[in-house]
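Asker: What follows is a structure written as C-alpha cells; I'll ask about it next.
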C-alpha cells in the first residue's frame, strides 16, 4: 500500500471528478464513520468519500486501483459485525454511498422497484406503499440502514418466514468492480439462466467483492388486513408447537413469528423508553406473531383469535394480547425492535447471530444455557430471534462491574463454546449479520477448508489487488 503522504496527495486527483462535498478529511466530520453502531470497533481513514453517482464510484475505484488504496464501503453504518469500519492503519478511505439515494423506478405491472444503494430502507418501503405495493424487508434499523448495506449483508429481519432474505428479493444488481468497471445487471427478470449467477456472489459479500450501487427488487401485493399478537409461553418447544398449529390454520398468511426470553424482555422494558408490556403478567418466553392478507375480506383477526384460543385451551400458551389497533400493533413490535438498543445499554455483552434447523431450536437453547451456567456462572444468557427460520440471537450478558479489559478474553472464550455447540447441531455461526471483521477467525476455523479456498479464489477473481474491504469476511494471510 502507498505511504500515507503519497495517498493523501493523490486525493487531489479525485478533486477533478468529484464535487467538493465528496471528499471529507475533517476529523470531526469523519468520526461517526470510523466506529460501528455498538462502539466495539474503532478505526482510522485517510478520507471519507461521498460520491453522488455510479460514475463517481467508478472513478474512485479506478483511483484506488491505481494508488492501491484500500476502500471500505459503508451504508447506514448499522451493522453488528464490524464489516463497515476501517482498521486502525489509516491506509483506507471510507466510501459512503449515502448520496446515491434515488428510487429509480417502481413498476406496478412487473411488481419491481429499483433503488440506489444509499436509499434508506424505510424510504423504499414507503415508495412501494405509495404505489400500493409491499416491499417486505423489515428490520429494527430500517429507519437508518441503507439498501447497499442490506444487499451486501443479505439482511434478514422479521419477515423471512414468508418472504425470504434479501437474496430472495433481489432480481437485478448494479455494482462496480475494484478496477472501476460497472456491471450493469439491473434486469427485472424473474428467470435468467445466462451464465453464472454473479449477483448471488455479490449479495452477502460485505463489500469485499464489489461496491453495490443499485438493486432491483421484487414487490408484493400490499396487505389490506393484518393481525398482531404477543403471546406468553413456558418454553421454546411450546413456541414451535404453536407455530405448527398456526401454519395449519393460517398458512402463507404468517408474516412474522419471533421468539424472546423473559430476561431479554425485562432488559427492553427497563432500558428503552416508550416500551410497554401488554400482558397481565410476565412469562418465561414470548412469541410475536403477525398475520397479513392482501384480500381485504381476509379474516386474519378472527383466525388469529381462534387459533390462539385453541392453543390456550390445549395449554400450548399461557396468555395472549391481540392488538386492537394499529397503534397497539406498533407498540408490540416496538418491544421486539428495541432489543438491540436495550442490549447496547445493558453492559458487557457477547452476542451471536446463530442459526440451526428450526426443529433443533429448543435443544440448541438448552445446550447453550447449560454451557453458560457451567462455564460463565456470573453471566446471564438471553435469547431472541426469528424462530420460524431457525435464526436465534444468543446474548451472554456479564455484570456491569466486569473490568473492560476482560472483554476480549471473555468474547473469545464465549465464542469458542457457543460455536462448538453450533457445529454440533450443524448450524451456522452467522445467519444474517455477516462475518465482518468480528468473525473472520471463526470462519477460518469452522468453514470446510475446500470451501474456504473457493471463497479466496472468488475474492482473487473479483479483487486481485485486495483493496476492497480488506480484513473483512476472509482473514488476512
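Asker: Please count how many residues of region 284-295 are farther than 21 Å from residue 240 by Cα and touching a strand residue (DSSP E or B) at 6+ places or on another chain (Cβ under 6 Å).
Answerer: Residues meeting the conditions: 2.
Asker: With the requirement that a residue be closer than 30 Å to residue 352 by Cβ and out of contact with any helix residue (DSSP H, G or I) (no Cβ under 8 Å at 6 or more places or on another chain), what does region 45-72 give you?
Answerer: The one that is closer than 30 Å to residue 352 by Cβ and out of contact with any helix residue (DSSP H, G or I) (no Cβ under 8 Å at 6 or more places or on another chain): 72.
Asker: Of the residues that make up region 342-350, is at least one closer than 27 Å to residue 241 by Cα and surrounded by 18 or more Cβ atoms within 10 Å (Cβ to Cβ)?
Answerer: no
Asker: For the structure I just gave you, tell me whether residue 114 is in contact with a strand residue (DSSP E or B) (Cβ under 7 Å, 6 or more places away or on another chain), in a loop (DSSP other than H, G, I, E, B) and in contact (Cβ under 8 Å) with a residue 60 or more places away in the chain.
Answerer: no
Asker: Something else now. Where residues in region 73-109 are in a strand (DSSP E or B) and in contact with a helix residue (DSSP H, G or I) (Cβ under 9 Å, 6 or more places away or on another chain), which of them is farthest from residue 119 (Cα to Cα)?
Answerer: Ranking the candidates gives 93 first.
Asker: Still on this structure, I have one more. If I filter region 34-42 for residues that are surrounded by fewer than 16 Cβ atoms within 10 Å (Cβ to Cβ), more than 26 Å from the chain's Cα centre (by Cα) and in contact (Cβ under 8 Å) with a residue 12 or more places away in the chain, do I get at least one hit?
Answerer: Checked region 34-42: no residue is surrounded by fewer than 16 Cβ atoms within 10 Å (Cβ to Cβ), more than 26 Å from the chain's Cα centre (by Cα) and in contact (Cβ under 8 Å) with a residue 12 or more places away in the chain.
Quick note: the coordinates plus some simple rules give every number you see, no bench work behind them. In this text the structure is predicted, and so the values were computed from the model without any measurement. Virtual Cβ from ideal backbone geometry, glycine too; neighbours counted across all protein chains shown.
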